[in-house]
Amino acid sequence: MTSIRTVLGDIEPDQLGVTYLHEHLIIDHPLVADRFPHISLPSVDEAVGEVARCADAGVRAMVDAMPCASGRNVLKLAEVSRRTGVSVIAATGLHTPKYYAGAPWVFEASADALAELFIADITGGIDHFDYTGPVVRAPHTVPGYSRWRRWGTLPMPPRSV
């Protein structure tokens, strides 16, 4: 049977329950706080309060769609999950370019280097921690390619993980 990978470890599909499929529980990045303060969500306590209300309504799992280097904080996501009992599934991949002014490596990395980063997030642990995430975020995708608004097209051959 296939497992569902959460920030606190794998669970069986029958443990998933009602799932909120796209949320941003934590957005914790200096660039976001400075340029987009209306979407800055660094507080674990506030996230716990919001998730607890969802749990009271029957939600048992949430997919956090914040990808790497733009505000994802896997340690805070794990704390939210532990404190609420709601499984959190983290994302990897990239967001739109406006979130990466402080991360020039994103624009310079080869398709292979990005693929290795995303695979490492899924199989080895996010940001060098023992928390993993199976959801790959890639805006505007078609088979074999990832299309990034204003970035052009990066050839991304399909890979198995």
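The values are calculated or read from the model by the stated rules, or taken from the named source; none is laboratory data. Computed from a predicted structure; not experimentally measured. Every residue, glycine as well, gets a Cβ built from its backbone with ideal geometry; the counts of neighbours run over all protein chains shown.
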* Which listed residue, of Ala57, Ala47, Ala33, is touching a Ser or Thr at 6+ places or on another chain (Cβ under 7 Å) and free of Cβ contacts under 8 Å to residues at least 60 places away in the same chain -> Ala33
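Does the stretch 94-117 hold any residues that are in contact with a strand residue (DSSP E or B) (Cβ under 8 Å, 6 or more places away or on another chain) and either farther than 26 Å from Leu16 by Cβ or modelled with pLDDT of 85 or more (or both), and which are they?
Of the stretch 94-117, the ones in contact with a strand residue (DSSP E or B) (Cβ under 8 Å, 6 or more places away or on another chain) are 94-97, 111, 114, 117.
Across the stretch 94-117, the qualifying residues are Leu94, Thr96, Pro97, Ala111, Leu114, Leu117.
Can you tell me which residue among Ala65, Ala57 is over 16 Å from Ile27 (Cα atoms) and surrounded by fewer than 20 Cβ atoms within 10 Å (Cβ to Cβ)?
Values: Ala65 fails: over 16 Å from Ile27 (Cα atoms).
None of the other options fit; the residue is Ala57.
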* Under 9 Å by Cβ, and 6 or more places apart or on different chains, what pairs join a residue from the stretch 85-110 that is outside any helix (DSSP H, G or I) with one that is surrounded by fewer than 12 Cβ atoms within 10 Å (Cβ to Cβ)? -> Thr96/Arg149; Thr96/Arg150; Gly102/Pro30
